[in-house]
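Below: the structure, in structure tokens.
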Ligand code: ADP
């Protein structure tokens, strides 16, 4: 049997078919066109899914269901996207009902980071863990919480919105901005912004990491400080939730070992360690198809 996964994002919407083993049977993605209504966008998504099914000899009515990963803030009780900043025209749009009527299948929706968390449990880096936190450091920072063998989703599906934990009292350390949110300081977007300010030209976060690796003094210092802030957020999550494992994914985690060793170092120094607690910190295993597999996991996995 197979499930339909749909991953809604501000730049693209990915959709595909995922089997019971977490294998993507077929997938596609379309550009998120913010100049058309969400209703028109979902018409396009449904048409793409029908085309993909036909091309791959799959009968849509045979799908177990549809899983949707979407950016928060959302409301999984009402099935609506409440107010995601990158999808303004979708605010309050009833995604779940609208997809159900277009595809004639049961539809489940969770926050995209929550869905990715379930994917890491299902076929990724947390298969062996019943107590872990997943963090994605990407355009923003998102997280998902999996404790006592269950996904923790909260009252409205917004649990794990760790990007909005306050890690600095007066905000951006370089600019003294009023919001000290974790993602405002330590996301890919934040790294690019701070590096651009330092160098007086547009710098991507990828380039910033390259400059740091090449020993650029100011950028190295910035990158080290960002690693420290990533570690700070992890310390709060460790102390609050006592996970056995933290799984870190997202574009910025591609930097690899320099980030992981700095974060491990900070956490081992600063997280309380009652009774010999040890939280291991590992890279996510799913990258490319994480959104799609996470969305399908909502259908295939009990949570
Ligand atoms: P999204 O936020 O759309 O899910 P990603 O998870 O790819 O996308 O995150 C995008 C962010 O990660 C951008 O800020 C980008 O510059 C950064 N990024 C992507 N790849 C790398 C890399 N190899 N090294 C460092 N930063 C990266």
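Laboratory data are not the source of any read-out in this text; all were calculated from the coordinates shown. Model, not experiment: these values are computed from the prediction. Every residue, glycine among them, receives a Cβ derived from its backbone with ideal geometry; neighbour counts consider all protein chains shown.
List of remarks:
- Inter-label distance, nm, simple model (7 Å from Cα along the C-beta direction), residue 82/residue 166: 1.9 nm
- Likely footprinting exposure, 20, 257, fewest C-beta neighbours within 10 Å first: 257, 20
- Using a Gaussian network model of the chain in which every pair of alpha carbons under 10 angstrom is joined by a spring, one finds that among 128, 214, 97 the greatest mean-square fluctuation is at 214.
- Cα-based Rg of the range 34-181 normalised by 2.2 N^0.38 Å, two decimals: 1.20
- Stokes-Einstein translational diffusion, the range 131-237 - Kirkwood Rh over all Cα pairs, 1.002 mPa s, 20 °C, in µm²/s: 148 µm²/s
- Hull-based mean projected area of the chain, where the convex hull spans the alpha carbons, in square nanometres: 16.0 nm²
- Against the chain, whose longest principal axis is taken from its Cα atoms, helix 290-300 shows a tilt of about 50°.
- With the simple model of a label 7 Å out from the Cα in the direction of the Cβ, residue 244 to residue 214 spans 4.4 nm.
- Site pair residue 254 and residue 1 shows an inter-label distance of 3.6 nm when each label is modelled 7 Å from Cα along Cα→Cβ.
- Estimated FRET transfer efficiency (residue 130, residue 19; beta-carbon r; R0 22 Å; 0.05): 0.35
- Spatial separation of Cα centroids for the range 179-220 and the range 233-303, in angstrom: 22 Å
- Gained length - residue 196 relative to residue 270, 0.36 nm times residue gap less alpha-carbon distance: 23.6 nm
- Quotient of C-alpha Rg and 2.2 N^0.38 Å, computed over the range 162-303: 1.12
- Förster radius 51 Å - calculated FRET efficiency between residue 35 and residue 278 (Cβ-Cβ, nearest 0.05): 0.50
- Spatial separation of Cα centroids for the range 1-24 and the range 141-160, in angstrom: 20 Å
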